[in-house]
């Protein structure tokens with residue numbers, strides 16, 4: 001059994017209720033969280049009002065300050081962080097969509113209004129809806145998509161988090177991609 005890393009020790013302290021552990025943990029995991037955020041933001045429209053740094057910070061608040069964490073190690077933390085970032089993006093897209101449907105927006109000329117709908121907001125919401133449907137059909141496949149697509153984990157790492165073999169993770173990934181492709185085409 002390998003020795004726990006500094007991040008794992010800090011996660012354990014955080015789980016035990018030590019608020020100072022979060023301040024010590026952030027510098028150790030920030031670069032990795034930022035890479036996850038950049039990957040998740042990669043498909044977003046140009047000029048998105050939420051940037052990777054803000055995505056990391058919003059997810060951090062939800063992870064460390066908003067819940068009673070029970071971290072099972074660094075990989076688990078990163079997997080949950082990627083899910084938190086996904087939820088931040090979905091919440092942001094929903095809020096943007098609500099503003100488009102009336103909110104406090106002034107009237108726009110028709111051409112400008114149509115341009116707004118070309119944004120990728122609907123793509124994020126459509127993907128989230130499809131992922132929720134997949135999770136209802138097969139929770140493990142839904143979790144695998146979150147770990148691989150949103151978390152950037154390899155097949156091996158996702159398999160470890162899920163407690164399955166690398167080969168099972170590879171087969172599950174193929175199945176999940178096919179399912180989502182069909183769901184998104186509908």
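The values are calculated or read from the model by the stated rules, or taken from the named source; none is laboratory data. All figures in this text were calculated on a predicted structure; none of them were measured in a lab. Cβ placement follows ideal geometry from the backbone for every residue including glycine, while neighbour counts extend to all protein chains displayed.
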Q. At pLDDT 85 or above, closer than 21 Å to residue 158 by Cα, touching a helix residue (DSSP H, G or I) at 6+ places or on another chain (Cβ under 6 Å) and not in a loop (DSSP other than H, G, I, E, B) - does that describe any residue in the stretch 86-104?
A. no
Q | Lone qualifier among 33, 63 - being under 22 Å from residue 9 (Cβ atoms), at pLDDT 85 or above, touching a helix residue (DSSP H, G or I) at 6+ places or on another chain (Cβ under 6 Å) and crowded, with 19+ Cβ neighbours inside 10 Å | A | 33
Q) Among (1) closer than 24 Å to residue 148 by Cα; (2) modelled with pLDDT under 85, where does residue 58 come up short? A) (2)
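Report whether or not residue 172 is within 18 Å of residue 86 (Cα to Cα), surrounded by 20 or more Cβ atoms within 10 Å (Cβ to Cβ) and touching a helix residue (DSSP H, G or I) at 6+ places or on another chain (Cβ under 8 Å).
Details: within 18 Å of residue 86 (Cα to Cα): no; surrounded by 20 or more Cβ atoms within 10 Å (Cβ to Cβ): yes; touching a helix residue (DSSP H, G or I) at 6+ places or on another chain (Cβ under 8 Å): yes.
In short, no.
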